[in-house]
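Data first, discussion second: the structure below is written as structure tokens.
The values are calculated or read from the model by the stated rules, or taken from the named source; none is laboratory data. Just so it is clear, the model here is predicted, and its values are computed rather than measured. For neighbour counting, all protein chains shown are included, and Cβ atoms are generated from backbone atoms with ideal geometry for every residue, glycine included. Note: areas computed on protein heavy atoms with side chains; ligands, DNA, RNA excluded. Shrake-Rupley method; radii C 1.70, N 1.55, O 1.52, S 1.80 Å.
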Amino acid sequence: MASRSAVISGTGMSVPERVVTNADLEKLVDTSDEWIRTRTGIRERHVAREDECMSKFAVEASRRALEAAAVDAKDVDLVVCATVTPDMPIPATSCSIQQQLGCGKAAAFDMQAGCSGFIYAQSVAKQFLLTSRCSHILVIGAELLTKFVDWSDRTTCVLFADGAGATLMSAGEAPRGVLASVMHTDGNMGDFITLEAGGTLHPPSEETLRRGMHFIRMRGNETFKIAVRMLEDVAREALDQAGIPAERVDWFIPHQANLRIIDAVAKRLAIPEERCCVNVDRYGNTSAASIPIALDEAVRSGRVRAGDVVLMAAFGAGLTWAASVVRW
Ligand code: ACO
């Protein structure tokens, strides 16, 4: 008898309509389209309107994933939303997503692991599918990072963007499914990417607002230097765990933070450019949403087919880094 596995049965994505180009940002800060393109690979990004919140896009992406899987919202057992930009601190946004979708029997919780959040959430969902009675789990990565961007800080405002991606994960049968998941954290580098205020350490106050502590700050260059090695190492660890050599990877879906990081990691893993899914040029860095958005595009364009080996890898605030290997 085939053994139980955790398969991805449907994918979906949703991004705000409004597109902001590098030329638009040239009007806000001292930057240039040339600098942004050559240093990051980003050409444009989607930015939510003032009246839009994260759950709007998470719900749309989830509806598409449910449709693709042909599974009714009522049959979902758990909703896990990876995000650093919830609708509000209390209650968890996944509860609102559960209500808006009509997943009446599902438990729901948010998960915070920076840009690695989607892979962390996928790993948690895999455990539930393998060890509990759960049959269907919505795993979402959704962010409206621009709500916390300092539009006068050129080192961050050109990078961060908005969007949501979702996968429905279902109990299935090997050899399909998640073959390996690896997660790492090193809190020593916690100050590389931060949004300091709004929690118990620095509750919201006039002082925190005045000092701009509600904005995302990043030590970009230091993050860049270790990101490449972290991504390579964690990808190799996940491939080893799955017993699959790098040359057997059909699709590499890395976190979309910077084209130079993606190119360097793919080169080190000897994964050819045409097997690497890249959309940072059109979406910028959408943190936990970047991998499920890229995955949905790869699936809907017909690139990812049954039996393919998909490698996903991410790193982000925490610092956290993670990878997974999935047989489609
Ligand atoms: N336009 C023009 N010049 C700029 C801009 C800009 N938008 N931003 C910075 N510069 C300048 C800097 O001031 C600096 O000038 P100086 O030499 O006169 O001091 C120069 O450009 C070089 O700056 P660096 O920071 O060294 O540039 P770098 O090549 O490292 O690129 C970047 C910066 C794109 C941020 C890169 O470091 C990066 O991508 N880092 C990784 C980011 C990341 O992936 N983070 C993790 C995920 S995020 C999350 O978890 C939410």
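Of all residues in the stretch 121-147, those that are open to solvent by 20 Å² or more (accessible area, probe 1.4 Å) and in contact with a Ser or Thr (Cβ under 7 Å, 6 or more places away or on another chain) total 4. Does the stretch 25-48 include one or more residues that are farther than 30 Å from residue 225 by Cα and at pLDDT below 95? No; the residues of the stretch 25-48 include none that is farther than 30 Å from residue 225 by Cα and at pLDDT below 95. As a summary of the residue check, residue 88 satisfies the conditions (1) surrounded by fewer than 20 Cβ atoms within 10 Å (Cβ to Cβ); (2) in contact (Cβ under 8 Å) with a residue 40 or more places away in the chain; (3) of a type in the set (A, V, I, L, M) except for the one numbered (2).
Here residue 226 meets the list (1) open to solvent by 50 Å² or more (accessible area, probe 1.4 Å); (2) out of contact with any strand residue (DSSP E or B) (no Cβ under 6 Å at 6 or more places or on another chain) almost entirely, failing just condition (1).
Which condition does residue 154 not pass, out of (1) open to solvent by 10 Å² or more (accessible area, probe 1.4 Å); (2) within 13 Å of the ligand (Cβ to nearest atom); (3) within 21 Å of the chain's Cα centre (by Cα); (4) modelled with pLDDT of 95 or more, if it passes all the others? So residue 154 meets the others, but not (3).
In the set (1) β-branched (Val, Ile, Thr); (2) over 17 Å from residue 143 (Cβ atoms); (3) surrounded by fewer than 20 Cβ atoms within 10 Å (Cβ to Cβ), the condition left unmet by residue 20 is number (2). Restricting the search to the stretch 177-211, which residues are surrounded by 13 or more Cβ atoms within 10 Å (Cβ to Cβ) and hydrophobic (A, V, I, L, M, F, W, C)? 178, 179, 180, 182, 183, 189, 192, 193, 195, 197, listed by residue number. Residue 223 meets each of the listed conditions (1) within 16 Å of the ligand (Cβ to nearest atom); (2) at positive phi apart from (2). Kindly check whether there is at least one residue in the stretch 196-218 that is of a type in the set (Phe, Trp, Tyr) and touching a residue at least 40 places away in the same chain (Cβ under 8 Å). Yes; the residues of the stretch 196-218 include at least one that is of a type in the set (Phe, Trp, Tyr) and touching a residue at least 40 places away in the same chain (Cβ under 8 Å). Within the stretch 20-30, the set of residues being without any contact (Cβ under 8 Å) to a residue 24 or more places away in the chain and assigned to a loop (DSSP other than H, G, I, E, B) comprises 27 only.
So that you can scan it fast, the table gives a plain yes or no per residue for (1) within 25 Å of residue 86 (Cα to Cα); (2) hydroxyl-bearing (Ser, Thr, Tyr); (3) in contact (Cβ under 8 Å) with a residue 40 or more places away in the chain:
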| residue | (1), (2), (3) |
| --- | --- |
| 262 | no, no, yes |
| 267 | no, no, no |
| 275 | no, no, no |
| 278 | no, no, yes |
| 285 | yes, no, yes |
| 293 | yes, no, yes |
| 301 | no, yes, no |
| 304 | no, no, yes |
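If only residues of the stretch 157-176 that are more than 16 Å from the ligand (Cβ to nearest atom) and crowded, with 24+ Cβ neighbours inside 10 Å are counted, the one that is nearest to residue 92 (Cα to Cα) is 166. Take the conditions (1) farther than 20 Å from residue 294 by Cα; (2) of a type in the set (S, T, N, Q); (3) outside any loop (DSSP other than H, G, I, E, B); (4) in contact with a Lys or Arg (Cβ under 8 Å, 6 or more places away or on another chain); residue 11 misses just one of them, which is (1).
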